[in-house]
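Undergrad: Structure below; questions to follow.
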Amino acid sequence: MNNIPWWGYVLLAGLAWGTYVPIIFYGGTELTTRPGTIGGRLASILCVGVAYFVLGVVIPVVLMSLRDDAQPEWKTNGLIFSALAGIAGAVGAICVIFASKAAVDTAKGEFEAEESALVAKAAAEPNPEAKTAIETELKEFRSGRGKYLASYRIYIAPLIFALAPMINTLLSLVWHPKPGAPFHFGFDVPSWQLPVGILLVALGTFLVLYSKEAAEAKKTAAAPRPVPVGAVAPAKPA
């Protein structure tokens, strides 16, 4: 592994973290027995834990037992903060899994509420033409169920990967641990690149999310509008 350059590890980390969210969502969905249950999400967490155990426990133990240059110095501070880092990583992985489920559940609740409103509106409409228009709208609405359920899920990865580097940078500005002294704090005045970078990250996240909303709005505007309630077709000229 010493032959891999630093930027190679950067690319691999970006590839791994960038594909994690959609892969874990699909895996958890496939493991779910029925909608509304959390068994599939818990099973996906278990799979992540097994992968962490193999990569984070088995392989390091094997390498430390075989190589002289793989022997660590077991210091209390190192063990504590490394464990905290592991906890943070595990919590992040679990939160991604349940964020995906919560996003789908939220969208599903909104979809069903809007669907019920359209059904009730159609049932209460006395005008046959308006009733037909509402039923057509309901049919089109139901046909887009899959896309509607994914409407919030698409926000998860952009928000996470925009928020994480900002927190990392802000924490690095005030926390400066030294060997044997982890609680060493101070404030380094940032250069102009920091606020500009934060602004660009926020702008990039906004554009990613806005592009999705704009596309949906464009489709809605292009769709035929239902006939207003009580509307009467214009009389043909004699």
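Undergrad: Regarding Thr19, is this residue surrounded by fewer than 13 Cβ atoms within 10 Å (Cβ to Cβ), among the hydroxyl-bearing types (Ser, Thr, Tyr) and outside any helix (DSSP H, G or I)?
TA: no
Undergrad: Report the residue count in segment 151-161 for those that are within 16 Å of Leu15 (Cα to Cα) and among the aliphatic types (A, V, I, L, M).
TA: Within segment 151-161, residues that are within 16 Å of Leu15 (Cα to Cα) and among the aliphatic types (A, V, I, L, M) number 2.
Undergrad: Determine whether Glu135 is of a type in the set (Asp, Glu) and closer than 30 Å to His184 by Cβ.
TA: No, not satisfied.
Undergrad: Can I ask one more? Only one of (1) without any contact (Cβ under 8 Å) to a residue 24 or more places away in the chain; (2) among the small types (Gly, Ala, Ser); (3) closer than 26 Å to Gly36 by Cβ; (4) not in a helix (DSSP H, G or I) fails for Gly146. Which number is that?
TA: All conditions are met except number (4).
Undergrad: Kindly evaluate Gly204 against the criterion of being in contact with a helix residue (DSSP H, G or I) (Cβ under 9 Å, 6 or more places away or on another chain) and modelled with pLDDT of 85 or more.
TA: Spelling it out, it is not the case that Gly204 is in contact with a helix residue (DSSP H, G or I) (Cβ under 9 Å, 6 or more places away or on another chain) and modelled with pLDDT of 85 or more.
Undergrad: Hey, does segment 163-173 have a residue that's surrounded by fewer than 11 Cβ atoms within 10 Å (Cβ to Cβ), hydrophobic (A, V, I, L, M, F, W, C) and either at pLDDT below 65 or more than 20 Å from the chain's Cα centre (by Cα) (or both)?
TA: Yes - at least one qualifying residue is present in segment 163-173.
Undergrad: Also, I was wondering about something else. How many of the residues making up segment 111-138 are under 22 Å from Thr37 (Cβ atoms), touching a residue at least 24 places away in the same chain (Cβ under 8 Å) and either small (Gly, Ala, Ser) or surrounded by fewer than 17 Cβ atoms within 10 Å (Cβ to Cβ) (or both)?
TA: Residues meeting the conditions: 1.
Undergrad: Right, next: Applying the selection to segment 149-159, what residues are assigned to a helix (DSSP H, G or I) and either closer than 13 Å to Asp105 by Cα or free of Cβ contacts under 8 Å to residues at least 12 places away in the same chain (or both)?
TA: Selection gives Leu149, Arg153.
Undergrad: Oh, and also: For Ala150, indicate whether it is surrounded by 12 or more Cβ atoms within 10 Å (Cβ to Cβ) and farther than 16 Å from Ile198 by Cβ.
TA: Yes.
Undergrad: Which members of segment 60-118 meet the condition of being over 27 Å from Pro22 (Cβ atoms) and among the aromatic types (Phe, Trp, Tyr)?
TA: Trp74, Phe81
Undergrad: Whether any residue in segment 60-74 is surrounded by 11 or more Cβ atoms within 10 Å (Cβ to Cβ) and within 25 Å of Ala164 (Cβ to Cβ) is what I want to check.
TA: Looking through segment 60-74, at least one residue is surrounded by 11 or more Cβ atoms within 10 Å (Cβ to Cβ) and within 25 Å of Ala164 (Cβ to Cβ).
Undergrad: Another question about this same structure. How many of the residues in segment 161-194 are under 22 Å from Gly89 (Cβ atoms) and part of a strand (DSSP E or B)?
TA: Summing the residues that are under 22 Å from Gly89 (Cβ atoms) and part of a strand (DSSP E or B) in segment 161-194 gives 1.
Undergrad: Let me ask another. What pairs come out if I take residues in segment 29-55 that are polar (S, T, N, Q) and pair them with residues that are part of a loop (DSSP other than H, G, I, E, B) and surrounded by 14 or more Cβ atoms within 10 Å (Cβ to Cβ) whose C-beta lies under 7 Å away, six or more apart or interchain?
TA: That search, which allows pairs on different chains as well, returns Ser44/Leu31.
Undergrad: Tell me, yes or no, whether segment 29-36 has at least one residue that is in a helix (DSSP H, G or I) and modelled with pLDDT under 90.
TA: Looking for residues that are in a helix (DSSP H, G or I) and modelled with pLDDT under 90, one finds at least one in segment 29-36, hence yes.
The values are calculated or read from the model by the stated rules, or taken from the named source; none is laboratory data. Because the structure is predicted, anything quoted here is derived from the model rather than measured. With ideal geometry, Cβ positions are generated from the backbone for all residues, glycine too; neighbour counts draw on all protein chains shown.
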